[in-house]
Amino acid sequence: MAFPNISDIIATTIESRTRSIADNVTKNNVLLSKLKMRGNQKTFSGGYKILQELSFAENSNAGWYSGYDILPVGVSDVISAAEFNIKQAAVPVVISGLEMLQNSGRERMIDLMESRVTVAEATLANLVSEGLYSDGTGSGGKEIDGLNAAVPLDPTTGTYGGIDRATWNFWRSQLEDAADFTTIQADWNDLWAKCVRGADRPDLIVCDSQTWASYMASLQALQRFMSPETGNLGFPTIKFMDADVCLDGGIGGFCPAGTAFFLNTKYIHWRPHADRNMVPLSPNRRYATNQDAEVQIMAWAGNLTCSGAQFQGRYDGNA
């Protein structure tokens with residue numbers, strides 16, 4: 001006979017691997033790995049939206065003075081917050097009544113569910129990785145507000161994080177349009193300078209296959225400095241200035257064609273919900289009403305947020 005507590009096996013198999021599932025999703029993406037290293041992977045516990053605090057102006061009270069001059073102490077409104085919707089993703093793990101009968105022993109059932117959960121992990125990792133490049137409008141606006149939203153092809157229009165770029169210059173990312181890849185070194189130098197403010201500068205550059213190959217071809221052999229820090233995470237990487245240049249192309253890469261994102265990860269944040277970070281939705285049985293099957297759902301909720309759009313850049317080699 002079928003093992004009577006199959007739903008418990010599904011749930012506990014997922015639940016016992018919750019931490020490793022979340023970690024594996026992070027490890028499969030260089031941006032999430034970098035954010036975790038920086039401490040910018042932080043959960044939130046509730047609320048209607050995810051608020052990401054940011055500074056949008058200098059303190060207007062600053063100035064020179066001499067002796068007994070009166071110093072201004074007026075209120076200076078310099079802190080605000082971008083608002084991001086909570087996005088959700090899920091992967092159902094399903095087992096049919098026939099499979100329960102065919103895998104009636106507990107050990108055989110656990111092996112089956114381990115395999116199913118492993119596939120679900122990989123599927124969710126790919127879904128999240130793809131979402132990190134979305135503009136947030138896909139699937140009816142349900143996708144992550146990814147890099148195509150944070151660092152768009154036209155940074156002068158549209159609303160991102162509840163802030164209108166057409167109105168607020170500080171919320172506009174940087175853009176470098178190129179006719180082709182023949183001037184990639186000069187173009188990257190120009191984009192780098194646009195993204196720098198004092199010690200603030202890009203620390204991660206992610207490229208598609210074409211842009212990666214063009215940048216590699218532009219280098220002299222002795223200029224290919226490797227980054228042991230990011231390389232130890234399993235991502236092949238070289239340097240531009242002191243930023244890691246990483247390939248997110250090849251098989252299953254989602255970076256847009258002809259694109260490199262110049263990212264200052266100090267101002268980018270991965271914000272999963274504390275209670276919905278790759279976890280089973282419920283330990284209870286979930287039956288299909290018109291099928292001989294049971295299901296458990298692995299779920300995630302959160303978003304990718306930004307607190308400094310002006311420090312991010314985009315190279316477009318398709319112009």
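Ranked for footprinting exposure by Cβ neighbours inside 10 Å, fewest first, LYS87, LYS239 give LYS239, LYS87.
At full extension, LEU219 and LYS49 could sit 56.8 nm farther apart than now, given 0.36 nm per residue minus the alpha carbon distance. Sorting LEU175, LEU124 by the number of Cβ atoms found within 10 Å of their own Cβ, with the fewest placed first, yields LEU175, LEU124. A Förster radius of 45 Å combined with the Cβ-Cβ distance from THR167 to VAL119 puts the calculated FRET efficiency at roughly 0.45.
Taking 16 Å as the straight-line reach from the Cα of LYS142, the lysines in range (excluding those fewer than 8 positions away in the same chain) are LYS49, LYS87.
Gain on full extension, evaluated as 0.36 nm per residue between THR183 and LEU281 minus their Cα-Cα distance, stands at 30.2 nm. For the pair GLN291 and THR137, a Förster radius of 45 Å applied to the C-beta separation gives a FRET efficiency near 0.85, rounded to the nearest 0.05. Taking 0.36 nm per residue of separation and subtracting the Cα-Cα distance, full extension of the segment from ALA90 to LYS42 would add 15.3 nm.
All of the numbers you see were taken from the coordinates with simple rules; none came from a lab. Given the structure is predicted, the values throughout are model-derived calculations rather than measurements. Because the Cβ atoms are built from the backbone with ideal geometry, glycine has one as well, and the counts that use them run over all protein chains shown.
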